[in-house]
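Contents: one structure, followed by commentary.
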Amino acid sequence: MKSTCKALLLWVGLGVMTSGAVWEMTPEDLGQYIEKKLRRNDQTLKLNEKIIHESGAEFLANSPLLENVTVLKIYKGDIGDGGVRALAQSPYLKNLKELSIENNGVTDAGARYLAESPYLNNLETLNLFNNKIGDAGAKALAESQTLSGLIELNLNYNEVGDAGTLAILHSSSFKRLTHIGLAYNKMGKEGSQALKDFRLRQKIEEWKATDSLGNLEKNYIGDRGVLILLESPYISEIQELNLSNNNLTDEAIVALANSPKVSKLRSLRLAGNYITDRGAEALAQSKSLRSLKNLDLNFNYIGDEGAFALAKAEHLSQLEMLRLGQNRIGFEGARALDQSPYLKNLIYPIFGFY
């Protein structure tokens, strides 16, 4: 009994406990609490499940104690749009680099207050997880000049649709944005595809940074991934490209074969995909692959028509290795390849699995 009383006394002046272990705090309580927290670390303030309401947010906004804070997190604080407006207008929060306002009932109005803030220029991370922000709020954020330094934006569990998604992904302000959370919103097919494309572009940047862009075997990027790869400025410098086992169809192969950016390729590995005669014909007719020495088409669906096209491929006469094992090429196709006047420089058997 005595220990229980002591535990309760520890919270005198620091708020009243509500159901679910959430603490409702008056501005006076909040002042004591943040002063204690900031004495330990004057750059980070976390208010987890402390119900401070709009009045508490206004108290924070007017407190000089926050002028050194770079990380402010308010989780389930019930501050609403009014509280966000107070924070966005606070000169004491001009040094913030990370602002997290999760589960606070923020709507489009709150997003607009953040976007129009004159003081949040240094923000790099903005976390608005599980609020009520829709397309209008997303558009306001996307058009914000104040928030142009954002690297990460979390809008998971909100009400953003295609229009808001496209506004964020195509924003001219968000040039540094590399991490976008839009899970569990109201996106349709267009927005979902645009988000996938964005993430593919980010992966390409990662692969480039780790010097692995030339070897993408078993990354399952699909046709769309190849199309986005061909848009990148990096493809034109690649000499060896491995796209084996990536769920590619003829659509990707036709685009690759017709791209002027692949003229430096010396090795192209396309094994284990879904390439048919159409893809083989596109490769055979490509004028961009004149430097190719190695072409791997093992384990695809190429038949005699594709073999005939490759046998007539004058542009591929420089090939030293052509791999066509485990396809659908019959006797006539194999004979055409064997008798081709343009495939005289091959070093290894066409139907080997080396």
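Put simply, the amide H of ILE74, placed in the peptide plane, has neighbours under 5 Å in LEU47, SER100, ILE101, GLU102, leaving out anything fewer than 5 places away on its chain. When peptides 244-251, 266-273 are ranked by their average number of other Cβ atoms within 10 Å per residue, the highest-first order is 266-273, 244-251.
Which order, highest average first, do 336-342, 278-284 follow once you tally other Cβ atoms within 10 Å for each residue and take the mean per peptide?
278-284, 336-342
About the centre of its Cα atoms, the range 98-238 shows a dipole size close to 180 debye [charges on the beta carbon of Lys, Arg (+1) and Asp, Glu (-1) only; nearest 20 debye]. In the chain, the portion of solvent-accessible area held by carbon and sulfur atoms comes to 48 percent [1.4 Å probe, whole percent, DNA, RNA and ligands not counted]. Cross-link partners for LYS132 among the aspartates and glutamates, with Cα-Cα distance under 18 Å and sequence neighbours closer than 8 places in the same chain left out: GLU54, ASP78, ASP81, GLU102, ASP108, GLU159, ASP162.
With contacts defined as alpha carbon pairs under 8 Å and 6 or more residues apart, what's the relative contact order of the chain in percent? Show your work: numbers first, answer last.
Details: 799 pairs, mean separation 26.1, N = 354.
With pairs under 8 Å counted, the relative contact order is 7 percent.
In terms of distances greater than 25 angstrom between alpha carbons, the cross-link table entries LYS139/LYS186; LYS261/LYS344; LYS94/LYS186; LYS94/LYS208 yield LYS261/LYS344; LYS94/LYS186; LYS94/LYS208.
Take the Cβ-Cβ distance between ASN103 and HIS170 as r, set R0 to 30 Å, and report the resulting FRET efficiency rounded to the nearest 0.05. That pair, ASN103 with HIS170, gives E of 0.60. The slack between THR125 and GLU240, meaning 0.36 nm per residue of separation minus the straight C-alpha distance, is 37.7 nm.
Evaluated with a Cβ-only charge set (Lys, Arg +1; Asp, Glu -1), the chain carries a dipole of roughly 720 debye about its Cα centre, given to the nearest 20.
Between GLU217 and LYS189, what is 0.36 nm times their sequence separation minus the Cα-Cα distance? Round to one decimal in nm.
On the way: separation 28, 0.36 × 28 = 10.08 nm, distance 2.75 nm.
Taking 0.36 nm per residue and subtracting the Cα distance, the gain is 7.3 nm.
Computed about its Cα centre, the charge dipole of the range 265-354 is approximately 320 debye, with only Lys, Arg, Asp and Glu carrying charge at their Cβ.
Near the amide H of GLY161, within less than 5 Å, lie the amide hydrogens of ASP135, LYS186, all on another chain or at least 5 residues away, with H placed in the peptide plane. By the rule of a C-alpha distance below 19 Å, with chain neighbours fewer than 8 residues away ignored, the aspartates and glutamates paired with LYS37 are GLU24, GLU28, ASP29, GLU49, GLU58, GLU67, GLU98.
At 7 Å along Cα-to-Cβ for each site, give me the label-to-label distance between ILE151 and ALA334 in nm. Here the answer is 5.8 nm between the modelled labels.
Only protein heavy atoms count here; on that basis, with a 1.4 Å probe, ILE235 has an accessible area of about 0 Å².
The values are calculated or read from the model by the stated rules, or taken from the named source; none is laboratory data. Keep in mind that this is a model prediction, so the values were computed, not measured. Neighbour counts run over all protein chains shown; Cβ positions are idealised from the backbone, glycine included. Side chains included, ligands, DNA and RNA excluded: accessible areas come from the protein's heavy atoms. Shrake-Rupley method; radii C 1.70, N 1.55, O 1.52, S 1.80 Å.
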